[in-house]
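Undergrad: Take a look at the following structure, please.
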Amino acid sequence: MQFFGFVALLLLLLPGLTAAAVTQSNWLQADLQHYLPDWELHLIGEASDRLLVIHREAMTPYQQGTLVLLPDPSQHPASPRQINFLRHAMNQHGWSTVAVLPNYPALANTAADSDDGETLSLFQQQLQLVLSQQAWQAGHLVILAQGQSGYLLSQLDWAQQPRQPEALVFLSSYHMDPASNRELAQRISRQTIPVLDLAHHRDYLHITSTFELRRQWSHRHANLLYRQRLITGHAELETTQQVMYKEVYGWLSYLGL
């Protein structure tokens, strides 16, 4: 009798155990598929390792280019923390937007327990898949990376990518390890691709501690392709996002993109 009671209890718990085994990425994908229209959602890649992206077409007679949006690993492609605002707003200026659901883990807190190499490999594979899609090849290419995705973007070897962007945007980019965060400041300042480096007055401590250092390194390297902007206000506020969007659009217009 006790055995049957245990089996009954196991059957009751089994759905919960199964649900616990589902990855966060799968939960987010199911949630996005429930709330967003089908025509915006695209699964790309092989069936065994498919990647979810949200694609919105440019709403102008001309195709200016494609803005690829790479959220922080803790966020998603419709995140209210600026990504979602940009993927809608840029459509009105001839830009199609491709927001990607991250399929790589967050970076380690310190260099001692870091496995950033594996994370970088996953990040690079994901970006290769996105940039190889023929559906959004027309016009210019700009990539915006948020949070820890910005750290990974700064490490890329563009010779291994199917296409090189004409501009990069780092949005509140950081690494939690102080030494790695300092290296990020140097790598951003040495980019040969035009860079817009954005942060907020009320941003993560990891960002504010090195944001001025990035400007100093760009001055040391005489990098005329680097522009830095510090935005006032909380990232989630619409007024703040309006300022951030105008910075991005204004900078791209300055570059002639």
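Undergrad: Say the dipole of the range 23-255 comes from +1 at the beta carbon of Lys and Arg and -1 at that of Asp and Glu; which of Gln133, His219, Ala78 then lies farthest toward its positive end?
TA: His219
Undergrad: If you count, for each residue, the other Cβ atoms within 10 Å and average over each peptide, how do 232-239, 195-202 line up from highest to lowest? Display every interim value, and only then the final one.
TA: Details: 232-239: 12.6, 195-202: 20.4.
In descending order of packing, they fall as 195-202, 232-239.
Undergrad: Quick one: of the DSSP bridges fully inside the chain, what percent are antiparallel, nearest 5? Don't jump to the answer; show the numbers that get you there.
TA: On the way: 8 of 34 bridges.
Looking only at bridges with both residues in the chain, the antiparallel portion is about 25 percent.
Undergrad: Right, here's the next one. Helix 24-35 sits at what angle to the longest principal axis of the chain, using alpha carbons and giving 0 to 90 degrees rounded to 10?
TA: In the chain, helix 24-35 runs at an angle near 80 degrees to the longest axis.
Undergrad: Treating the angle as unsigned and between 0 and 90°, give the value, to the nearest 10°, between the Cα long axis of helix 238-255 and the longest Cα principal axis of the chain.
TA: 50 degrees
Undergrad: Residues with amide H under 5 Å of Ile231's amide H, sequence separation 5 or more or different chain, H placed in the peptide plane at 1.01 Å from N; which?
TA: Ala199, His200, His201
Every read-out reported here was derived from the displayed coordinates using simple, explicitly stated rules and does not represent laboratory data. Just so we're clear, the structure is a prediction, and the values are computed from it rather than from any experiment. Every residue, glycine as well, gets a Cβ built from its backbone with ideal geometry; the counts of neighbours run over all protein chains shown.
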